[in-house]
Amino acid sequence: MKHALDTVTAWLARGVIAFLYIPIIVVVVLSFNDSEITYKWAGFSTRWYGKLADNTELLAALRVSAEVALISATLATACGLLAAMGMARLRGKGKALFSGSLFLPLIIPEIVLGVALLSVFGAMGADLGMTTLVLGHLVVTLPYAALIVLGAYNALDSSLAEAATDLGCNAWQAFRRVTLPLLRQPLLAAWLLCFTISFGNIVMSTFTNGVGSTTLPLRVYSMLKGGLTPEINALGTLLVLFTLLIILGVGMRQMRRVLVGGERS
Amino acid sequence: MTVTTAQPPVSPATGPQQPGAAGKEARARKAVVTTALLAPAGLTVVGLVLVPLLLVVRNSFASADSYGGIQGGFTLANYQDLLDPIYLKVFGYSLGMAALNTMVCLVLGYVVSYYLASRPPQRQMLLLLLIILPFWTDFLVRTFAWINLLSPGGPVNSLTDAIGFTSGPTQWIPSQGASFIGLVYAFLPTAIFPIYASLRGVDNSLGEAARDLGCGWWRVHSRVLLPIARPGMLAAALLTFIPTLGVFVIPVLLGGGRDQLVGNLIVTLYTEFRNQPMGAAASVVLLVLMVASMAVFGLAARRLRRKTA
């Protein structure tokens, strides 16, 4: 017999999932609103997308975000892969210490990490700009890249690379032809996750951006302080679409492994 | 494509270990390779996390020059300044908001996770996918979505008008309530994943067994499922509580910037007041709060474990 409370909680759960979607759907719908006022429906129109395409400031910020995300995601994934391979060679305390410090940025509030980096850049007299922005985003994304790549690397059957070596591959060839192809999916997942984390980052960017390196979220944030416009809804819709594509790109199985662990816990 | 054929397997690092000089050389080479592999990530963590954190701690004891920069020296003045009632109010409000947000996220997260875990496997995948999309959606988009909803004359207002709760345009934003909804909305998916991770695969069989043995609904949850979900709940609490303290966008956009969180305080001290030493002190307080809450959660976990054991 099903308990009545089971029915209640099931409906509550469905309600929560709906709660997660209503705001997103409203953004998408209102982005096609012809009205100047976001929430007063005045017929279907795509004019805000046209306005978006003409907004040179936003486009410049989009470019900065894309560049920073591209570079920091690549650096983070590469560092993560190398670290995973290196950690497989470590034993005992050193391994625990290294992995512990690698995941440290996950627990420390991002705002403190941002302040900390700003202090170092200030002490060194470094100009804030693309470089500092990339370094900041590297700090934020590296633990995620390491988390995914480390899991995938440890799940690899090490005898495969050994077999390749026995068959005459040198270490580099074994890596290039056996290990790397086997890790292609998780590496892609790590890269895409890092890319989106960097692309949407606002806290770290607040402290590490400089003149001429305003990222998209920073620009949107300052636009929002002046009030929400249908144009921003149009941008939001494009970002939702972009998220959907990333999720499809990563694949559901990878995604589940990353977020809730392996097949069975 | 480069095809290399029949290279003799003579790599000293992988060949059979030989005693003496050759073995020593292989070990040394292995150490060099390991170091080289770990160097990029290691240097990132040391140079861009650990050293900067130490510098923040150091700066929090420094005095400010006339431009708000770091002047050096050692003083406790920055911490004393934070004891001002204005700032204490920020810390109190932040802790309350974070605690409330954590509680709501845990309850709703548990309900959703239980619902998910008790569906057939195929459905679980689909529902999980449904929760991943909002989780992955840009943080700012998820925040300004609520401006749409809560604007006077907007969808929520129309709804409350229709049921007679309000009449005419009502100012839902900016307000503490709007800020709180934004926080719950931002952190709920983050709380769901770890709870679901600890519940999934275990629910159907164990829950049903407990039911067959005569447990009522409450006992199935309090005696069987909640203890199983506990590690996930604790992870979810940590992933909600500490990050909430550091948020600064939501209180500005949905709360109108009046009721500030620690995150707002730090950003204000750095960017508007340009008082770096005091900003550093506020950051150190946030770090201490983080360590303290981790200790509390850890202690709670241990006590609960002993209780059930």
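The values are calculated or read from the model by the stated rules, or taken from the named source; none is laboratory data. Since the model is a prediction, treat every value here as computed from it, not as a measurement. Cβ placement follows ideal geometry from the backbone for every residue including glycine, while neighbour counts extend to all protein chains displayed. With ligands, DNA and RNA removed, areas are computed over all heavy atoms of the protein, side chains included. Shrake-Rupley method; radii C 1.70, N 1.55, O 1.52, S 1.80 Å.
From the list B:Leu95, B:Leu108, B:Leu116, the one residue that fits, being open to solvent by 50 Å² or more (accessible area, probe 1.4 Å) and in contact (Cβ under 8 Å) with a residue 24 or more places away in the chain, is B:Leu95. Restricted to segment A:158-265, the set of helices (runs of 4 or more DSSP H) holding at least 2 residues that are of a type outside the set (Ser, Thr, Tyr) and more than 18 Å from the chain's Cα centre (by Cα) comprises A:158-166, A:171-174, A:216-225, A:230-250. Residues of segment A:144-181 that are of a type in the set (A, V, I, L, M) and either in contact with an Asp or Glu (Cβ under 6 Å, 6 or more places away or on another chain) or farther than 18 Å from A:Leu192 by Cβ (or both): A:Ala155, A:Leu156, A:Leu160, A:Ala161, A:Ala163, A:Ala164, A:Leu167, A:Ala171, A:Ala174, A:Val178. Is it the case that A:Ile37 is assigned to a helix (DSSP H, G or I) and either touching a helix residue (DSSP H, G or I) at 6+ places or on another chain (Cβ under 9 Å) or more than 10 Å from chain B (Cβ to nearest Cβ) (or both)? Criteria not met by A:Ile37.
Total residues in segment B:162-188 satisfying the condition of being touching a Gly at 6+ places or on another chain (Cβ under 7 Å) and modelled with pLDDT under 80: the figure is 1.
Inspection of segment A:13-24 finds no residue satisfying the criterion of being more than 9 Å from chain B (Cβ to nearest Cβ), open to solvent by 60 Å² or more (accessible area, probe 1.4 Å) and under 30 Å from A:Leu224 (Cα atoms).
Counting only residues that are away from chain A (no Cβ under 11 Å) and touching a Leu at 6+ places or on another chain (Cβ under 7 Å), give me the helices (runs of 4 or more DSSP H) lying completely in segment B:47-117 with at least 1 of them. The qualifying helices (runs of 4 or more DSSP H) are B:85-117. Screening B:Gln171, B:Gln176, B:Gln122 for residues that are more than 8 Å from every other protein chain (Cβ to nearest Cβ) and farther than 27 Å from B:Pro251 by Cα leaves exactly one candidate, B:Gln122.
If I go through segment A:71-119 residue by residue, how many of them are of a type in the set (D, E, K, R) and either within 7 Å of chain B (Cβ to nearest Cβ) or under 10 Å from A:Leu142 (Cβ atoms) (or both)? Within segment A:71-119, residues that are of a type in the set (D, E, K, R) and either within 7 Å of chain B (Cβ to nearest Cβ) or under 10 Å from A:Leu142 (Cβ atoms) (or both) number 2.
When you go through (1) within 24 Å of A:Ala84 (Cβ to Cβ); (2) at pLDDT 95 or above one by one for B:Arg29, which number turns out not to apply? Only one criterion in (1) within 24 Å of A:Ala84 (Cβ to Cβ); (2) at pLDDT 95 or above is unmet by B:Arg29, namely (2).
Note on segment B:211-263: residues that are surrounded by fewer than 17 Cβ atoms within 10 Å (Cβ to Cβ) and modelled with pLDDT of 90 or more total 0.
Each residue in segment A:45-63 was checked for being part of a helix (DSSP H, G or I) and open to solvent by less than 20 Å² (accessible area, probe 1.4 Å), and 4 pass. Is it the case, given these coordinates, that A:Thr208 is more than 9 Å from chain B (Cβ to nearest Cβ), open to solvent by less than 40 Å² (accessible area, probe 1.4 Å) and under 30 Å from A:Ala126 (Cβ atoms)? Judged against the criteria, A:Thr208 is a match. Taken over segment B:150-163, the residue count meeting the criterion of being part of a loop (DSSP other than H, G, I, E, B) and either within 13 Å of A:Val26 (Cβ to Cβ) or open to solvent by 60 Å² or more (accessible area, probe 1.4 Å) (or both) is 3.
Would you confirm whether or not segment B:189-198 contains a residue that is surrounded by fewer than 19 Cβ atoms within 10 Å (Cβ to Cβ) and modelled with pLDDT of 80 or more? Yes, that holds for at least one residue.
Note on segment A:25-44: residues that are open to solvent by 60 Å² or more (accessible area, probe 1.4 Å), in contact with a Gly (Cβ under 9 Å, 6 or more places away or on another chain) and of a type in the set (A, V, I, L, M, F, W, C) amount to 1. The combined condition, being of a type in the set (A, V, I, L, M, F, W, C), closer than 30 Å to B:Val252 by Cβ and modelled with pLDDT under 95, is not fulfilled by A:Ile148.
Exactly one residue out of B:Asn78, B:Asn101 is crowded, with 18+ Cβ neighbours inside 10 Å, among the polar types (S, T, N, Q) and modelled with pLDDT under 90: that is B:Asn78. Taken over segment A:165-187, the criterion of being at pLDDT below 90, open to solvent by 10 Å² or more (accessible area, probe 1.4 Å) and among the aliphatic types (A, V, I, L, M) is satisfied by A:Leu167, A:Ala171, A:Val178, A:Leu180, A:Leu182.
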